[in-house]
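Visitor: Here it is, the structure in full.
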């Protein structure tokens, strides 16, 4: 079993739709969590950190459920420019970041 | 966010040659730098983690004698692919972090093609 797992995707949604991505992690010692987006043939870029209380940044909302070892990312009012692969990351102090395999999103006109 | 540069952005070389890739954190001191490799349509694969002034920690299956990592300062790490072969052709990406648990900031990547 992979340490970080994500919805396999791809997700094809129309512009304006709301889409949610799920991510689970197996290492209960994980302490920090992040969402990155990666465009084709580009490096990953930090989208947002995920805090225990949940956090929102414009159209993006991230939530963390430590009991279920589950992280989510919600994107509201999808834009064409949101099309990318979204990577979930869990990190344990003193160890490396562990990236999930990514979920590909295509927002269609 | 913080800026990380990588050089070169792409390189084509003959089989058997060595290639050095530089990774620099431009506006912060990176206590830890990471090297990843990504093959087409696959996820990032961590190769090694390096802390300034100490030896890199390699992931299982990554040959440390083939992928030489040097982290001589808080702003520079280098990855040297020694005696490169066509199967080493890949997208190599570095990232830097100011403190443990902090987010990583990625360089733009180096696309290596070995003929």
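The values are calculated or read from the model by the stated rules, or taken from the named source; none is laboratory data. The shown structure was predicted, so the numbers you read here are calculated from the model rather than taken from an experiment. No Cβ is skipped: glycine too gets one built from the backbone with ideal geometry, and neighbour counts run over all protein chains shown.
Visitor: May I ask you to list the residues in segment A:7-47 that are on the phi > 0 side of the Ramachandran plot and either buried (at least 19 other Cβ atoms within 10 Å of the Cβ) or more than 14 Å from chain B (Cβ to nearest Cβ) (or both)? Outline the logic, then answer.
Guide: Here is the first cut: in segment A:7-47, the residues on the phi > 0 side of the Ramachandran plot are A:9, A:16, A:41.
Result: A:16, single match.
Visitor: Out of (1) closer than 30 Å to residue B:10 by Cα; (2) over 13 Å from the mean Cα position of the chain (by Cα), what's the single condition that is false for residue A:47?
Guide: So residue A:47 meets the others, but not (2).
Visitor: Could we say that residue A:29 is in contact (Cβ under 8 Å) with a residue 60 or more places away in the chain and part of a loop (DSSP other than H, G, I, E, B) here?
Guide: Judged against the criteria, residue A:29 is a match.
Visitor: Filter segment B:82-115 down to the residues that are away from every other protein chain (no Cβ under 12 Å) and not in a strand (DSSP E or B) and list them by number.
Guide: Once the filter is applied, which keeps residues that are away from every other protein chain (no Cβ under 12 Å) and not in a strand (DSSP E or B), segment B:82-115 yields B:82, B:83, B:84, B:85, B:86, B:87, B:88, B:89, B:98, B:115.
To keep it simple, each residue is scored yes or no on (1) within 11 Å of chain A (Cβ to nearest Cβ); (2) under 23 Å from residue A:98 (Cβ atoms); (3) within 11 Å of the chain's Cα centre (by Cα).
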position	(1), (2), (3)
B:6	yes, yes, yes
B:12	no, no, no
B:19	no, no, no
B:32	yes, yes, no
B:41	yes, yes, no
B:44	yes, yes, no
B:53	no, no, no
B:61	no, yes, no
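Visitor: Right, next: Just to be sure before I move on: is residue A:4 within 14 Å of another protein chain (Cβ to nearest Cβ), in contact (Cβ under 8 Å) with a residue 12 or more places away in the chain and farther than 14 Å from residue B:43 by Cβ in the structure I sent?
Guide: It is false that residue A:4 is within 14 Å of another protein chain (Cβ to nearest Cβ), in contact (Cβ under 8 Å) with a residue 12 or more places away in the chain and farther than 14 Å from residue B:43 by Cβ.
Visitor: Follow-up. Evaluate segment A:3-25: report whether one residue or more is modelled with pLDDT under 95 and more than 15 Å from the chain's Cα centre (by Cα).
Guide: Looking for residues that are modelled with pLDDT under 95 and more than 15 Å from the chain's Cα centre (by Cα), one finds none in segment A:3-25, hence no.
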